[in-house]
1. Expressed in nm to one decimal, what extension gain is obtained for the pair ASN14 and VAL39 from 0.36 nm per residue of sequence separation less their Cα-Cα distance?
2. How many lysine pairs in the chain, separated by 8 or more positions in sequence or lying on different chains, have Cα atoms less than 17 Å apart?
3. Net charge near LEU18: determine it from the other residues with C-beta under 13 Å of the C-beta of LEU18, scoring Lys and Arg +1 and Asp and Glu -1.
4. What does the net charge come to around CYS60 if you take all other residues with beta carbon closer than 12 Å to its beta carbon, with K and R at +1 and D and E at -1?
5. Output ³J(HN,Hα) for the stretch 58-66: one whole-Hz value per residue in order, computed from phi by the Karplus curve 6.51 cos²θ - 1.76 cosθ + 1.60 with θ = phi - 60°, and x for Gly and Pro.
Amino acid sequence: MKENNRIANENNKNNKTLKVIAARCPQDHVCPAMRSCPVGALSQDGFAAPRVDKDICILCGKCVRVCPMGALVLE
Ligand code: SF4
């Protein structure tokens, strides 16, 4: 968790935000990135592309590494 916090602090400092690029998501499955989020910031309606709650997200980047389609990006 310490490493997550360090990365999150760095990302906050760089004014990064987590973006969902829905066009990259096939939207035909339960999003595997939801399980990887340590704070429950990702949710999904049916098989739609996931939504991020920016008030909860700590910008750790775990979900970015889980999505094989690159639909979650920190920039
Ligand atoms: S970057 Fe992704 S995994 Fe990390 S807190 Fe935000 S939504 Fe959750």
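1. Details: separation 25, 0.36 × 25 = 9.00 nm, distance 2.06 nm.
So the chain would gain 6.9 nm between ASN14 and VAL39.
2. Values: LYS2/LYS13; LYS2/LYS62; LYS13/LYS54; LYS16/LYS54; LYS16/LYS62; LYS19/LYS54; LYS19/LYS62; LYS54/LYS62.
Value for the chain: 8.
3. On the way: positive: LYS16, LYS19, ARG51, LYS54, LYS62, ARG65; negative: ASP53, ASP55, GLU75.
Overall, the nearby charge balance is +3.
4. Values: positive: LYS2, ARG6, LYS16, LYS62, ARG65; negative: GLU3, GLU10.
So the surrounding residues net to +3.
5. 9, 6, 6, x, 4, 4, 4, 7, 7
Quick note: the coordinates plus some simple rules give every number you see, no bench work behind them. The structure displayed is predicted, hence computed values, not measured ones. Neighbour counts run over all protein chains shown; Cβ positions are idealised from the backbone, glycine included.
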